[in-house]
1. Select from region 205-239 the residues that are away from ligand 1 (no atom under 16 Å from the Cβ) and in contact with a strand residue (DSSP E or B) (Cβ under 7 Å, 6 or more places away or on another chain) and list them in ascending order.
2. Can you name the condition, by its number, that SER177 falls short on among (1) away from ligand 2 (no atom under 16 Å from the Cβ); (2) without any contact (Cβ under 8 Å) to a residue 40 or more places away in the chain?
3. Filter region 185-206 down to the residues that are part of a loop (DSSP other than H, G, I, E, B) and more than 16 Å from ligand 2 (Cβ to nearest atom) and list them by number.
4. Say we look at region 96-151 and pick out the residues that are among the hydroxyl-bearing types (Ser, Thr, Tyr) and at pLDDT 95 or above; which of these is nearest to ligand 1 (Cβ to nearest atom)?
5. Quick check: anything in region 81-94 under 16 Å from the mean Cα position of the chain (by Cα), of a type in the set (D, E, K, R) and under 30 Å from ILE265 (Cβ atoms)?
6. Scanning for something closer than 21 Å to ASP82 by Cα, aliphatic (A, V, I, L, M) and not in a helix (DSSP H, G or I), does region 282-301 turn up at least one residue?
7. Can you confirm whether region 150-171 contains a residue that is hydrophobic (A, V, I, L, M, F, W, C), surrounded by 18 or more Cβ atoms within 10 Å (Cβ to Cβ) and within 15 Å of ligand 3 (Cβ to nearest atom)?
8. Which of the numbered conditions does MET246 fail, given that it passes all the others? Conditions: (1) more than 15 Å from the chain's Cα centre (by Cα); (2) assigned to a helix (DSSP H, G or I); (3) closer than 19 Å to ALA13 by Cβ.
Amino acid sequence: MPLTGPKEMFARAYKEGYAVGAFNVNNMEIVQGIMMAGTEEKAPLILQVSAGARKYAGQKYIVKLVEAALADTDLPVVLHLDHGPDFELCKACIDGGFTSVMIDGSHLPFEENIKVTKQVVDYAHDKGIWVEGELGRLAGVEEHVSSDKSIYTDPDQAVEFVQRTGCDSLAIAIGTSHGAYKFTGEAKLDFQRLEKIGNLLPGYPIVLHGASSVPQEFVDLANKYGAKVGGAKGVPEDLLRKAAGMAVCKINIDTDIRLAMTATIRQYFAEHPEEFDPRSYLKPAREAVKKMVQHKIKNVLGCSGKA
Ligand code: G3H
Ligand code: 13P
Ligand code: ZN
């Protein structure tokens, strides 16, 4: 089955009160682990590629990998650019076969964010490609945006942003952040704000970035085998489930994949010091990604059986 766009996926997710998982991919084992989970759960999938992942793997490799993953399945899969930093990169991904792109102007002043987002929308829509914009700022670190303070999305500005840019979905800031250290105190999300945005933009798909849960079992396992991941805290799964039942149709997960793989590989190295065949440790790492993604689909996102 060829790659698909997110339009129908999100329309159904919105109507039926679940979210589609957007999982970051960087290499073959990650793509395979996610695909295995989606196939077993009959769940729609979004495979997303950051600018850093594109640089690491190469655009042609990553597109071909995803195309190869789709060769023998009829699972609906979107190939999405995560945090596109500028028009040029969005254009390169659209021209290279992506079916959805994000232009992340969240670090820019409002008018500049509108300008660059609209520029991408004009180019993308001409080719039938979906565009995700972002308004508000998440704390944490991505490749091109780093912030130690979050600025929550203003609901009225969100409406103006969507109307003036024509972007198809909007990433908002309501308390999540990127990486493994999301909360120092109690973990909470601003559901009132989400509800207000949802009411002002009825039927419109909202995106939640920074939505890893940082499962304690992976942190403990990694630390047991030499990692130093102290004080890590993610978004509790029940809060994600609640958001998925509201206007949130896409939930982004990267850190949990990193933790699952790294904890598994650390354990493998410690228990098999004589091994040096990469297949021996990448295989259980791929299995760990599959298991983790399957759990998200079934128990957090609610999109099992929705393919
Ligand atoms: O939001 C950021 C994603 O986790 C991608 O991270 O830029 O290190 O690939 P990256
Ligand atoms: P996490 O760091 O919480 O996995 O967020 C990933 C993300 O938002 C990718 O865009
Ligand atoms: Zn993100």
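The values are calculated or read from the model by the stated rules, or taken from the named source; none is laboratory data. The model shown is predicted, which means the values in this text are computed figures rather than measured ones. Cβ coordinates were reconstructed from backbone atoms using ideal geometry, including for glycine residues, and neighbour counts include every protein chain displayed.
1. PRO205, ILE206, GLY231, LYS233
2. All conditions are met except number (1).
3. Matches in region 185-206: GLY185, GLU186, ASP190, LEU201, PRO202, GLY203, TYR204.
4. Going through the qualifying residues, I end up with SER106.
5. Yes.
6. no
7. yes
8. (2)
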